Amino acid sequence: MTAALAGAGVALGLAVAVTTPATAAAADGYYKQPFDATVWRVDGGNARAIGYDEWASAGFPQPAASPTDYVKYPWSPTVYAVTFWGDPESTWDWDRLTESQWRASGSPAPRTAGWIAGSYYYQWATSNEIFVEGADGVNHKLTYDEWAASGFRAYDRRSNEGFMKLSWAPNITRMPDLANGYGYSIGYAEWSEEAFPTPQVVQRVVNDHFYKVGTNPTIYYQGPAFHRAINYNEWVGAGRPSPELRGIPANPGNSKDCSDFATHREAQAWFDYYYPYYGDVAQLDGNHDGVACESLP
């Protein structure tokens, strides 16, 4: 939804707990919603869209205006229309409006809602924060009052996923698989898109490694956040772990290009494995920022 819709929001303070219908139920009859040409037939609080032939066979009755309200979340510009056909929540019809549909409805100022249908509530395993993702894909970290305004909706505990940060390094790491220590470092844009989940601060991650190569005194860290040489202070911050001793892998030479990998992560894993020994031997990092094959998905 564009900025025009964002500007139409009305500041109402604390969001209402639930969307409340203006009437208990729509009377039996024919209706149209302002933003759509569909004709609806209501019988006993149950509504269904009808086609032209059925409307014609009924004698083209004039549809009444539907009992429709307009709502939005305060953290998203998207406006939703909710039509209250009957008493149970399951009979309400929800529509995520385009700007043209909103304007066709008379550009109504939406009221703030504590809950909107199609919202997904969830919690990462690495914190107690609760999040909601709206039907428009916008994520938001809920305050207690905002969760209360939703009616304390049940949430999905994503028990094997979360965000971590090494106490001795700046990277924020997304962990799609905590049990096996699988993850990847993310930038500000992805962290922002996820509504800034607070990362769990740890010294170590499952299946990470500290190692030396041959007689070289340099210590390397290999984990989901990064794979690189670390300095003395970082090693101390990690708890002075005893490094593994590794042999040097054979130089693969310039034997790969980005088309040999299906995803960026595959390319990055190959790059990270050989880089400490031979640098960017396959020239996968064109701008020398440590990220291989950035164009891959």
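Site pair Tyr122 and Thr263 shows an inter-label distance of 1.5 nm when each label is modelled 7 Å from Cα along Cα→Cβ.
Note on Asn180 and Gln101: with the Förster distance fixed at 35 Å, the Cβ-Cβ geometry gives a FRET efficiency of about 0.15. Using a probe radius of 1.4 angstrom, the carbon and sulfur fraction of the accessible surface of segment 240-297 is 50%. Projecting label points 7 angstrom from Cα along Cα→Cβ for Ser167 and Glu129 puts them 2.1 nm apart.
Specify which labelled value, from [x] 39, 19, 18; [y] 55, 22, 15; [z] 26, 21, 21, agrees with semi-axes √(5λ) of the Cα gyration tensor in Å derived from the coordinates of the model shown. Matching entry in [x] 39, 19, 18; [y] 55, 22, 15; [z] 26, 21, 21: [y]. Which value at 222 nm does the chain reach when only helices count, each DSSP H run of 4 or more adding -39,500 (n - 2.57), with the total divided by all residues and rounded to the nearest 500 deg cm²/dmol? Calculated at 222 nm, the ellipticity per residue is -4000 deg cm²/dmol. Here the Debye sum runs over all C-alpha atoms of segment 61-154 as equal scatterers in vacuum, and log10 of I(q)/I(0) at q = 0.21, 0.24 Å⁻¹ comes out as -1.10, -1.32.
If you look at the Cα atoms of segment 167-235, you get an Rg and a Dmax of 13.3, 45 Å.
Placing a label point 7 Å from the Cα of Ser295 along the Cα-to-Cβ direction, the residues of segment 257-276 whose backbone N falls under 20 Å of that point are 257-272. Computed from the C-beta positions of Gln283 and Thr198, the FRET efficiency with R₀ = 45 Å rounds to 0.75. Within the shell of other residues whose beta carbon sits under 12 angstrom from the beta carbon of Gly137, the net charge comes to -3, with Lys and Arg scored +1 and Asp and Glu -1. Does segment 152-287 come out rounded, prolate or oblate by the C-alpha gyration tensor, with a ≥ b ≥ c the root eigenvalues, rounded set by a/c under 1.5 and, if not, prolate when a/b is larger than b/c and oblate if not? Note, shape of segment 152-287 comes out oblate.
Taking the DSSP bridge list for the chain and keeping only pairs wholly inside it, about 75 percent are antiparallel. Here segment 203-256 carries DSSP beta bridges of which approximately 70% are antiparallel, counting only pairs with both residues inside.
Computed from the Cα positions only, the extents of segment 221-296 along the three principal axes stand at 40, 25, 20 Å, in decreasing order. Between Ala27 and Asp43, the simple label model (points 7 Å from Cα in the Cβ direction) yields a spacing of 1.9 nm.
Per residue, the Cα convex hull of segment 79-220 amounts to 142 Å³.
Geometric descriptor of segment 256-297, per residue, is 57 Å³ (volume of the convex hull of the Cα atoms). Computed with a 1.4 Å probe over protein heavy atoms only, the accessible surface of the chain comes to 51 Å² per residue. Placing R0 at 51 angstrom, the Cβ-Cβ distance between Trp75 and Val206 gives a FRET efficiency of 0.90 after rounding to 0.05.
The values are calculated or read from the model by the stated rules, or taken from the named source; none is laboratory data. Small disclaimer: the values here were computed from a predicted structure and weren't measured. All Cβ positions, even for glycine, are placed from backbone atoms using ideal geometry, and neighbour counts span all protein chains on display. All accessible areas refer to the heavy atoms of the entire protein, side chains included, with ligands and DNA or RNA removed. Shrake-Rupley method; radii C 1.70, N 1.55, O 1.52, S 1.80 Å.
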